[in-house]
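The values are calculated or read from the model by the stated rules, or taken from the named source; none is laboratory data. Note that the coordinates shown come from a computational prediction; the quantities given were computed from them, not determined experimentally. Please note: Cβ atoms are built from the backbone with ideal geometry, for glycine as well, and neighbour counts cover all protein chains shown.
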Amino acid sequence: MKRTYIIGEIGINHQGDINIAKRLIDIAAAAGCDAVKFQKRNPDVCVPEEQKSKPRIWQGEEMTYLDYKYKVEFGKDEYDEIDTYCKQQKIEWSASPWDMDSLEFLSQYDIPFIKLPSAMLTNDELLDRCVGTGKRVIFSTGMSTYEEIEHSVDVLRNAKEKYNNPHPIGLLHCNSTYPAPIEELNLSGIKTLSETYPDFEIGYSGHEFRLGTTVAAVYLGASIIERHITLDRTMEGSDHMASVEPQGLFKLVSGIRELESAFGDGVISVTESELPIRKKLRG
């Protein structure tokens, strides 16, 4: 079994606080994640006009929705610090660009991959430009029809050829409900994607409460796993309830690594540790 690439999705669960971000990086590194990931937006571009002036209370303070989005958005100073800190902690990092400005912003860093969120699956221009960076591209398929996924795959394949990007593209099965109901996870979709797109690296982005379902995704063929992480599910914000707390993250990563060790090659034989038992009991 191929070693699973595990991404701890911090997203905006840092609450706009670089110290919380560092604590989550520490936890992800200690748990054995391969990377942490953030989300990068230009709120002026990403927030619809009709929502910008809507009232929002954030940490007891009244503000507009646009102001709130800026409160939880990191800029260059924070990402410079994240870049340095992740190198110190020996863990990779990246971020999901939600617009062209954010993609250009991220291009100044030597990140190992670009991850596109499910919401951007139908943004052909952004898909094309992400592949055009020459980096590995991973994208999620939540809340998408089969036809939309097929179209995005065509866009990415064409871009890969156009830009001669050598990296395999990652395609993550996903349900975009936060948290996602167990009965709607449709983990069998991982096999469907593997059979349909053999030239893509198939993975799973989970938003469910459970951990076992994510380990099961690896058994079903997911070689990339992404889960949101948080210090506390009761923290203020939209993503915390669908996130994994520190203790759960340690259990999840160890569960995946144990599965990789136990999976084997399928060949039935007497193992090395069984030989003395066999001799004792059978002569």
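Results, tabulated for the structure shown:
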{"read-out": "Candidate set: the range 236-263, residues that are modelled with pLDDT under 95 and in a loop (DSSP other than H, G, I, E, B); chosen: the one surrounded by the most Cβ atoms within 10 Å (Cβ to Cβ)", "value": "D239"}
{"read-out": "Residues being under 22 Å from the mean Cα position of the chain (by Cα) and either of a type in the set (D, E) or modelled with pLDDT of 95 or more (or both) - total across the range 46-75", "value": "3"}
{"read-out": "Selected residue (only one of Y178, Y109 is more than 25 Å from K2 (Cβ to Cβ), modelled with pLDDT under 95 and not acidic (D, E))", "value": "Y178"}
{"read-out": "Residue tally, condition within 14 Å of S96 (Cα to Cα) and in contact with a helix residue (DSSP H, G or I) (Cβ under 7 Å, 6 or more places away or on another chain), over the range 1-12", "value": "2"}
{"read-out": "Residue count, the range 189-221 (criterion: part of a loop (DSSP other than H, G, I, E, B) and either closer than 20 Å to G255 by Cα or acidic (D, E) (or both))", "value": "8"}
{"read-out": "Helices (runs of 4 or more DSSP H) (entirely within the range 75-163) containing at least 2 residues that are among the β-branched types (V, I, T) and out of contact with any Leu (no Cβ under 9 Å at 6 or more places or on another chain)", "value": "76-88"}
{"read-out": "Neighbours by Cβ (under 7 Å, 6+ apart or cross-chain): first from the range 170-186, in contact (Cβ under 8 Å) with a residue 12 or more places away in the chain and closer than 16 Å to V215 by Cβ; second part of a loop (DSSP other than H, G, I, E, B) and polar (S, T, N, Q)", "value": "L172/T141; H173/T141; L185/N175"}
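Residue by residue, here is whether (1) touching a Lys or Arg at 6+ places or on another chain (Cβ under 7 Å); (2) surrounded by 12 or more Cβ atoms within 10 Å (Cβ to Cβ); (3) under 15 Å from N19 (Cα atoms) holds:
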position	(1), (2), (3)
D44	no, yes, no
E49	no, no, no
K54	no, yes, no
E62	no, no, no
V72	no, yes, yes
E78	no, yes, yes
